[in-house]
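Here the structure comes first, spelled out in structure tokens, and everything after it is commentary.
The values are calculated or read from the model by the stated rules, or taken from the named source; none is laboratory data. A quick note: this is a predicted structure, and the numbers were derived from the prediction, not measured. Backbone-built Cβ (ideal geometry, glycine too); neighbour counts: all protein chains shown.
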């Protein structure tokens, strides 16, 4: 992607992030105890989880396309999305840990959703390490595509873990009646706005990372 | 630690993570572009193909 096309996207992502953070800190009221002020972590924790899902879904699509027709661009897309997905999975885990400490009394609990998310991070870290090891380009891409496709199986397990197993993590009913932790309507609206903001940020990082892959291919061709 | 401190740590870590990732992409991009310029400069017609 050309820099001229990337600049508006990067500016939009930056402006949206600033507006989002302003709303989180200066517009949103505190939640009911014990969540108080620290509940605001939800506005980065949930969107980063959504981006992790989205990023690894893109890895799945790119990997399948690469295996079907050997498209290099689809391979770049899968590789780029895996890298951004690992970043957002790490953000999701770290923000969750910081939020857990004041509420659960511990940064980490080996409960199903947390453990499976950690496994997801390890799978895609392995994917990136495998790709970084080099070797025959075509073979590496095909094996990486298989890892990218099979790794996606973890996502539904993570998503439904809160329904299938009893753990510390709140259920999916944050925005539905009867949940463990209820948000006011304006908080839900802000949460969805932050999901949109993070999606723009993901698109920006993905475009930057794909441009990097294109430049690397250009250099390889020159050599 | 207070809840405000936990909130500050969470947001701080997110900004640091994003900034480091952006910095790493920019650094890798600059390095590749510098190598391309170097290879292109060595070629009389602007292409380094086959010189190495």
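Observations on the structure shown:
- Cross-chain or 6+ apart pairs with Cβ under 6 Å, the stretch B:27-52 first and at the interface with chain A (Cβ under 10 Å from one of its Cβ atoms) and over 15 Å from residue A:221 (Cβ atoms), then part of a helix (DSSP H, G or I) and at pLDDT 90 or above: B:28/A:212; B:29/A:212
- Taken over the stretch A:94-118, residues that are in a helix (DSSP H, G or I) and in contact with a helix residue (DSSP H, G or I) (Cβ under 6 Å, 6 or more places away or on another chain) amount to 10.
- Those residues of the stretch B:5-30 which are over 18 Å from residue A:48 (Cα atoms) and exposed (fewer than 12 other Cβ atoms within 10 Å of the Cβ), in sequence order: B:23, B:27, B:30
- Number of the exception - residue A:107 against (1) without any contact (Cβ under 8 Å) to a residue 60 or more places away in the chain; (2) crowded, with 17+ Cβ neighbours inside 10 Å: (2)
- Residue check, residue A:212 surrounded by 16 or more Cβ atoms within 10 Å (Cβ to Cβ), within 14 Å of chain B (Cβ to nearest Cβ), modelled with pLDDT of 90 or more and assigned to a helix (DSSP H, G or I): yes
- Residue count for the stretch A:57-115, restricted to those that are over 27 Å from residue B:24 (Cβ atoms) and within 14 Å of chain B (Cβ to nearest Cβ): 7.
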